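This report refers to the structure that appears directly beneath it.
The values are calculated or read from the model by the stated rules, or taken from the named source; none is laboratory data. Values in this document were obtained by computation on a predicted structure and should not be read as measured data. Heads up, the Cβs are rebuilt from the backbone with ideal geometry, glycines too, and the neighbour counts pull from every protein chain shown.
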């Protein structure tokens with residue numbers, strides 16, 4: 001974990017936000033899967049929030065909705081002005097080509113940084129991905145790595161969080177897997193292990209970082225997960241799905257070549273509507289998406305509380321009815 005020295009941190013904190021109860025948090029991606037849960041927890045912790053949204057939202061106490069987007073810098077100026085902390089969650093997880101990932105993840109992050117520097121807002125919490133470890137693997141990985149590079153090259157007091165696969169209520173990715181798994185089989189890449197993290201645990205970490213105590217971790221780059229040693233193999237994930245459903249679910253290993261072939265076919269048939277792109281297939285077939293335990297937050301600051309068995313049982317409940 002890379003953290004500023006006490007002297008460096010002391011210098012940065014002279015321009016850091018006011019005490020926790022009075023802090024105003026600006027958040028991108030507030031209407032997405034992670035952002036929705038994070039917004040709820042921020043409000044429960046009595047923060048005031050300025051939230052970016054593409055579409056009009058229902059008015060809420062302690063929330064100022066700012067209509068805009070990452071590619072509209074003037075709206076980012078409005079979003080961050082007067083904020084104490086910026087929580088940058090928004091990004092692109094699927095795109096047709098490198099340009100799409102660059103626009104959503106690299107340029108979007110650069111625009112947030114520029115708006116903060118213009119407004120004199122110094123504290124940034126940037127949500128990245130384990131994908132950033134492997135910038136040459138796919139366009140998605142490349143874009144997440146370059147977004148991190150932009151944050152690290154800035155003058156901001158930043159903390160970077162790399163989550164693994166995130167799941168929980170309202171998640172479409174795991175819901176799709178559950179729809180398949182309820183029939184007793186789960187198609188998975190032939191080899192690989194991955195860490196998981198429930199969205200409520202991730203949001204709890206982000207909210208803690210927005211407070212005074214989080215200022216101690218300026219300069220940190222953390223890989224976070226649910227604490228399962230070594231993550232889960234695909235066979236173990238299928239077994240966990242089985243426990244969530246209360247029945248045996250068999251992992252069906254699919255060779256990488258077959259996954260790439262299916263991705264190419266999906267791209268050919270559905271074109272811009274393709275869900276399994278070749279870029280995403282390369283990401284899926286990579287064998288190691290396990291969080292690095294040397295980069296985890298201090299246990300006395302944050303630790304996950306929701307195990308896969310608890311979290312998967314929760315999201316599987318609607319499919320058992």
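Within the stretch 47-61, the set of residues being at pLDDT below 95 and in contact with a helix residue (DSSP H, G or I) (Cβ under 7 Å, 6 or more places away or on another chain) is empty. On the stretch given as the stretch 17-68, residues that are more than 26 Å from residue 167 (Cβ to Cβ), assigned to a loop (DSSP other than H, G, I, E, B) and in contact (Cβ under 8 Å) with a residue 40 or more places away in the chain total 4. Scanning the stretch 92-107 for residues being in a helix (DSSP H, G or I), buried (at least 18 other Cβ atoms within 10 Å of the Cβ) and in contact (Cβ under 8 Å) with a residue 40 or more places away in the chain gives a total of 4. Residues in the stretch 254-281 that are surrounded by fewer than 20 Cβ atoms within 10 Å (Cβ to Cβ) and under 22 Å from residue 175 (Cβ atoms) were compared, and the one that is modelled with the highest pLDDT is 254. Can you confirm whether the stretch 142-155 contains a residue that is more than 22 Å from residue 279 (Cβ to Cβ) and without any contact (Cβ under 8 Å) to a residue 24 or more places away in the chain? Scanning the stretch 142-155, I find at least one residue that is more than 22 Å from residue 279 (Cβ to Cβ) and without any contact (Cβ under 8 Å) to a residue 24 or more places away in the chain, so the answer is yes.
Scanning the stretch 160-182 for residues that are part of a helix (DSSP H, G or I), in contact with a helix residue (DSSP H, G or I) (Cβ under 9 Å, 6 or more places away or on another chain) and under 19 Å from residue 285 (Cβ atoms) turns up 173, 174, 177.
Surrounded by fewer than 22 Cβ atoms within 10 Å (Cβ to Cβ), free of Cβ contacts under 8 Å to residues at least 60 places away in the same chain and closer than 25 Å to residue 132 by Cβ: is that true of residue 220 in this structure? The answer is no for residue 220.
With respect to the conditions (1) at pLDDT below 95; (2) touching a helix residue (DSSP H, G or I) at 6+ places or on another chain (Cβ under 8 Å), residue 157 lacks only one, and its number is (1).
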